[in-house]
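Chemist: Dropping the structure in here first, questions after.
What follows draws every value from the coordinates through simple rules; no lab data is involved. Remember, predicted model here, so these are calculated numbers, not experimental data. Cβ: placed from backbone, ideal geometry, glycine included. Neighbour counts: every protein chain shown.
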Amino acid sequence: MTPTLFRATFMHTPSSPFTDAGALRTETDGGLLVDGSGVIVQSGDFATLHAAHPDTPVTTLRGGVLLPGFIDTHVHYPQVRVIGGLGMSLLDWLDRCALPEEARLADAPYARAVTSEFLHGLRSNGTTTALVFGAHFKGAMDLFFEAAADAGLRTVAGLVVSDRLLRGELHTTPERAYSEGKALIERWHGVGRARYAVTPRFSLSASEGILDACAALMTEYSDVHFTSHINENLREVQTVRELFPGSLDYLDTYDRAGLLGRRSVLAHSVHPTDRELGQMAAHGCSAAHCPCSNASLGSGLFPLRRHVHAGVHVALGTDVGGGTGFSMLKEGLQAYFTQQLLGAAGLPLTPAHLLYLSTRAGAEALDMGGQIGDFSPGKAFDAVWLRPPEGSTLDTVLNHASSPPEALAALFANGTQADVAQVWVGGDRVYVRSGVPAAAPQVTAADPPPVLSS
Ligand code: GUN
Ligand code: ZN
C-alpha cells in the first residue's frame, strides 16, 4: 500500500482496563499514519500529524468510529450453517446439530463453500483475527487456509482431532492425528497471516493417545498454539471425570499430556475449580469467554471475577455455531449482561472493558500483543470502521453521545454487521460494505473533522 494518513474518530485500549483505569484512549479528530508495509508509525491528533506530514495522502473516514479490528478467540469454521440451533444443551446440540454438519465437510466442494461463507462472516463483522476451531478433515483444512490467505485475514487454526464418542466419520487415530497435523504445520504455520493451533476437540472425545499425539506436535513445533474446550457444561464435566479417573480435574487431562502454556486458549471455562484457575494462571493460559453460546446452550454464567482474581487472562469468542453469530459487538454486550446477572458475584464491565475484551485481550491471548490489538505505533493497521447508515438508530444515538465512553457503549448496545463500513488487515482493505461512499483520498484544510458531535 502507499503510505497513508487516516483521519477518523478513533478509540483503542493499549492497556487493560482491569489494571489501568485510563486504558481507553480516544481521539475525536485523530490521525493514524500508516507506512507502506501497513504498520502504524504515528498515532495522535490529526492536525499535528498532518502538519508533520503535509505530503502524505489522507484518507478521511467521516462519521462513525474507527476501532482496532476485532479478535475472536473461539469460532468454529464448520458450523456457520447451523447457527441458531436453539432449545438444546451442549451434548444434545453436538449430536443433533453440530456433528452431522461437521461430517459433511469430508466433501471438498461442500467444505469450500462453507469456508467462503465463514470467512465472509468474520470480515463483514469487523473481525480481522480469529482463533478458528477447524474441521476434522485435512482436506477441509487445506481449503480453509488457502481461502483465509485469499481473504487477507489473520487466522490461527488447526485440524480438529478426536477418537471416541463422536461419530465414526469424525474419528481419527493418534498416528493419523500426528502425521496430518505435521503436514499442515509444515505447509501453513507462519505462512503469510496463518498460524497453526493443535486442536483436540475436548477431553470427552479424546483418548490419552490422541492427547499424546497432540503433545508430540507441540514438542516438535514449539511455537504452535493450542486450543480446546474446558468446563463448559456440567454433564460434560462429569463425563470427563469418569473417562479420566487418574486426573485431578478437567484441566489436568490437558496438563498431564503437556499441552498447556502461554499459547494455550481454553474455551468456555464456565465451571472451573479454584485449583484449575490457579493452574491456568501458572501456565499463562487464556480463557476464551463465549457469553452468547453460554446463554444459548444454557451452559452457565461465566465467573469473570474469579478468573481475573486468579490471574487468568480472558478474551472473547463468538463460538459460532453454538454461539449466535459473528458479531463481537454482540458478544461484548452479552459479556456485560452476564456480569450484571451475576449480581454481587459479577464483575461490572465498562465500555472500555468491552473494547479491550474484543480487541487487545484477544491479541494477548494469541501471543500477538506486539503486532495487533490497538493503534499504538509499531502495530499493524488492522481496523474496523463502524459507520452506521444515516438515520439508523445507532446513528441517532451516536450523534447524541456526549463522551467517547458513551459513544462506545452505544456501539456495543446497538451495533450490528450492518454498521461495519470498511475493514483493514495490515493496511490492506479486506471489506467494504456495499453502498459505502469511497473514502476521500485527499483532505483540504477546509474539510470538517470527522468528529462525533459533543
Ligand atoms: N465442545 C466440544 N465441541 C464443541 C463445540 O463444537 N461447541 C461447543 N460450544 N462446545 C464443544
Ligand atoms: Zn466451541
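Chemist: Tell me which of GLN79, ALA47, THR59 sits at the most positive position along the dipole axis of the stretch 1-121, charges placed on C-beta atoms (Lys, Arg +1; Asp, Glu -1).
Modeler: Ranked along the dipole, the leading option is THR59.
Chemist: Within the chain, what percent of beta bridges assigned by DSSP are antiparallel, to the nearest 5?
Modeler: Details: 27 of 60 bridges.
That works out to approximately 45 percent antiparallel.
Chemist: Can you spot the lysines whose alpha carbon is less than 30 Å from LYS138's alpha carbon? Ignore those fewer than 8 places along the same chain.
Modeler: In chain and number order, the partners are LYS182.
Chemist: Given R₀ = 22 Å, FRET efficiency for SER116-GLN417 by Cβ-Cβ distance, to 0.05?
Modeler: 0.85
Chemist: At q = 0.14 Å⁻¹, what log₁₀ I(q)/I(0) does a Debye calculation on the Cα points of the stretch 70-113 give, no solvent, two decimals?
Modeler: For the stretch 70-113 at q = 0.14 Å⁻¹, log10 I(q)/I(0) is -0.38.
Chemist: What does the charge count near ALA365 come to, summing +1 for each Lys or Arg and -1 for each Asp or Glu among other residues with Cβ under 11 Å from its Cβ?
Modeler: So the surrounding residues net to 0.
Chemist: Could I get the Rg over Rh figure for the stretch 344-431? Both from C-alpha atoms, Rh via Kirkwood, rounded to two places.
Modeler: Answer for the stretch 344-431: 1.01.
Chemist: Something else: Give me the net charge for the shell around HIS171: Cβ to Cβ below 10 angstrom, other residues only, Lys and Arg +1, Asp and Glu -1.
Modeler: Counting the neighbours of HIS171, the net charge comes to +1.
Chemist: Now a separate question. So, in Å, what gap is there between the alpha-carbon centers of the stretch 388-441 and the stretch 44-91?
Modeler: If we compute the Cα centre of each part, the gap is 10 Å.
Chemist: Let me ask something else. May I have the convex hull volume per residue, in Å³, for the Cα set of the stretch 242-316?
Modeler: 88 Å³
Chemist: Using r as the Cβ-Cβ distance of THR2 and THR219, and R0 as 51 Å, what FRET efficiency do you calculate, to the nearest 0.05?
Modeler: Result of the calculation: an efficiency of 0.70.
Chemist: Report the calculated FRET efficiency for SER402 and VAL39 (r = Cβ-Cβ distance, R0 = 25 Å), to the nearest 0.05. All intermediate terms of the calculation are to be shown ahead of the outcome.
Modeler: On the way: r = 34 Å, r/R0 = 1.36.
So, using R0 = 25 Å, E works out to roughly 0.15.
Chemist: Here's a follow-up. Which aspartates and glutamates have a Cα lying under 16 Å from the Cα of LYS379, excluding residues fewer than 8 positions away in the same chain?
Modeler: Reachable aspartates and glutamates: ASP35, GLU364, ASP367, ASP428.
Chemist: Magnitude of the Cβ-charge dipole of the chain, K/R +1 and D/E -1, about the Cα centre, nearest 20 debye?
Modeler: 200 debye
Chemist: Could you work out how far helix 208-220 tilts from the main Cα principal axis of the chain, as a 0 to 90 degree angle to the nearest 10?
Modeler: Roughly 50 degrees between the two axes.
Chemist: Continuing with this model, one more query. Counting Lys and Arg as +1 and Asp and Glu as -1, each charge on the Cβ, what is the dipole of the stretch 38-177 about the Cα centre in debye, to the nearest 20?
Modeler: With Lys and Arg at +1 and Asp and Glu at -1, about 120 debye.
Chemist: Please compute the contact order of the chain in relative form: average sequence separation of alpha-carbon pairs under 8 Å and at least six residues apart, divided by the residue count, as a percent.
Modeler: After rounding, I find 22 percent.
Chemist: While we're here: For the stretch 73-365, would you read off the P(r) tail past 24 Å as a percentage of all alpha carbon pairs?
Modeler: 45 percent
Chemist: If you average over every viewing direction, what projected area does the convex hull of the Cα atoms of the stretch 73-208 give, in nm²?
Modeler: About 7.8 nm², averaged over all directions.
Chemist: Shifting gears a bit: Quick check for you: which residues of the stretch 60-93 have the amide N under 19 Å from the point 7 Å beyond the Cα of ASP428 toward its beta carbon?
Modeler: Answer for this model: 69-72.
Chemist: Then there is this: Can you order the peptides 322-332, 390-400, 191-201 by their average number of other Cβ atoms within 10 Å per residue, highest first?
Modeler: Going by the mean number of other Cβ atoms within 10 Å, highest first, we get 322-332, 191-201, 390-400.
Chemist: Sticking with this one: Pulled fully out, how much extra length does the chain show between ALA344 and ALA183, if you take 0.36 nm times their separation in residues and subtract their Cα-Cα distance?
Modeler: Using 0.36 nm per residue and subtracting the Cα-Cα distance, I get 53.0 nm.
Chemist: Stretch ALA149-ASP95 to full length: gain in nm at 0.36 nm per residue minus the Cα-Cα span?
Modeler: Stretched fully, the ALA149-ASP95 segment lengthens by 16.3 nm.
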